[in-house]
Amino acid sequence: MNLIMIGPPGGGKGTYSSRISEEYDIPHVSTGDIFREEVDKGSDLGKKVKEYLDAGELVPDEIVNKVVEKRLKQPDCQEGFVFDGYPRTVEQAEALDEIEGVEIDLVINLEVAEDIIIERLSNRRICSDCGEIYNLKSMPPEEEGTCDKCGGDLYQREDDQPETIRNRLGDYREKSDPLLDFYREKGIVKDISIKEEKPVDEMMEKIKSAVEEAGLA
Ligand code: AMP
């Protein structure tokens with residue numbers, strides 16, 4: 001089951017990918033998470049990508065593709081995976097196509113109204129220990145600043161500040177149409193439109209139906 005989740009920043013890619021990962025027992029591969037970990041570790045890769053992440057700009061395709069190719073060779077990816085935040089450009093999709101033995105089965109495209117995105121991103125908080133995602137309005141933690149699951153401290157991503165959000169949205173709009181066309185030609189895109197805030201469980205039902213319709217579960 002090789003899935004790709006496409007959607008704007010703040011569209012819920014991370015939340016739904018992590019739920020899909022639990023539901024179907026496949027790894028959740030988020031290039032954003034991989035890069036943030038490398039930045040935190042201060043590795044060579046982390047040093048290379050830090051300025052892009054801080055500015056909310058895309059990391060060059062060449063770097064991203066190498067990271068993904070390495071990740072896909074790991075044993076846990078052999079039965080399937082859900083990509084979150086990759087590919088983001090046609091060049092990345094083409095590179096993915098060329099990796100031997102990897103065929104994408106389904107692309108879930110989250111179409112999310114812009115006011116929802118801004119509202120979500122500016123209220124998003126993340127656990128610094130386990131990565132759990134909260135929203136101060138729709139999914140607040142029980143105790144302010146503390147993760148319900150593990151007690152870790154919650155933080156706001158550097159690139160969830162208003163100016164950077166605008167940069168990331170602009171980039172997304174420009175890059176996502178050709179990317180979706182690439183997969184539409186293959187007939188594997190399922191669009192899920194989100195015009196108003198919906199509970200995660202309700203969204204998951206739609207996503208699971210899409211996986212079933214594609215004959216994957
Ligand atoms: P995300 O967590 O998916 O919003 O990604 C956070 C940041 O990581 C992005 O703003 C980019 O700087 C970088 N990044 C993650 N995935 C990619 C990708 N597929 N291509 C280029 N840059 C990426």
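If you take the residues in region 133-146 that are in contact with a strand residue (DSSP E or B) (Cβ under 7 Å, 6 or more places away or on another chain) and part of a loop (DSSP other than H, G, I, E, B), which one is surrounded by the most Cβ atoms within 10 Å (Cβ to Cβ)?
Within region 133-146, the match that is surrounded by the most Cβ atoms within 10 Å (Cβ to Cβ) is Pro141.
Any idea which of (1) open to solvent by less than 80 Å² (accessible area, probe 1.4 Å); (2) at pLDDT below 95 is the one Arg166 doesn't satisfy?
Every listed condition holds for Arg166 apart from (1).
Residue pairs, Cβ under 6 Å, 6 or more apart or interchain, first in region 97-115 and farther than 15 Å from Val82 by Cα and polar (S, T, N, Q), second open to solvent by less than 20 Å² (accessible area, probe 1.4 Å) and part of a helix (DSSP H, G or I). List them.
none
What number of residues in region 60-79 are touching a helix residue (DSSP H, G or I) at 6+ places or on another chain (Cβ under 7 Å) and of a type outside the set (A, V, I, L, M)?
So the count comes out to 4.
Suppose we filter region 187-214 for residues that are surrounded by fewer than 16 Cβ atoms within 10 Å (Cβ to Cβ), in contact (Cβ under 8 Å) with a residue 12 or more places away in the chain and among the small types (Gly, Ala, Ser); how many remain?
Residues flagged as surrounded by fewer than 16 Cβ atoms within 10 Å (Cβ to Cβ), in contact (Cβ under 8 Å) with a residue 12 or more places away in the chain and among the small types (Gly, Ala, Ser) within region 187-214 amount to 1.
Taking the options Glu23, Glu57, name whichever one is farther than 14 Å from Ile4 by Cα, out of contact with any Asp or Glu (no Cβ under 9 Å at 6 or more places or on another chain), open to solvent by 30 Å² or more (accessible area, probe 1.4 Å) and touching a residue at least 60 places away in the same chain (Cβ under 8 Å).
Glu23
Among the residues of region 107-132, which ones are open to solvent by 50 Å² or more (accessible area, probe 1.4 Å) and assigned to a loop (DSSP other than H, G, I, E, B)?
Passing the criteria: Ser128, Asp129, Cys130, Glu132.
If you go through region 60-73 one residue at a time, how many are open to solvent by 40 Å² or more (accessible area, probe 1.4 Å), more than 9 Å from the ligand (Cβ to nearest atom) and touching a residue at least 12 places away in the same chain (Cβ under 8 Å)?
2
The values are calculated or read from the model by the stated rules, or taken from the named source; none is laboratory data. Quantities reported herein were computed from a predicted structural model and do not represent experimental measurements. Because the Cβ atoms are built from the backbone with ideal geometry, glycine has one as well, and the counts that use them run over all protein chains shown. Quick note on the areas: whole protein, heavy atoms, side chains included, nothing else; ligands and nucleic acids left out. Shrake-Rupley method; radii C 1.70, N 1.55, O 1.52, S 1.80 Å.
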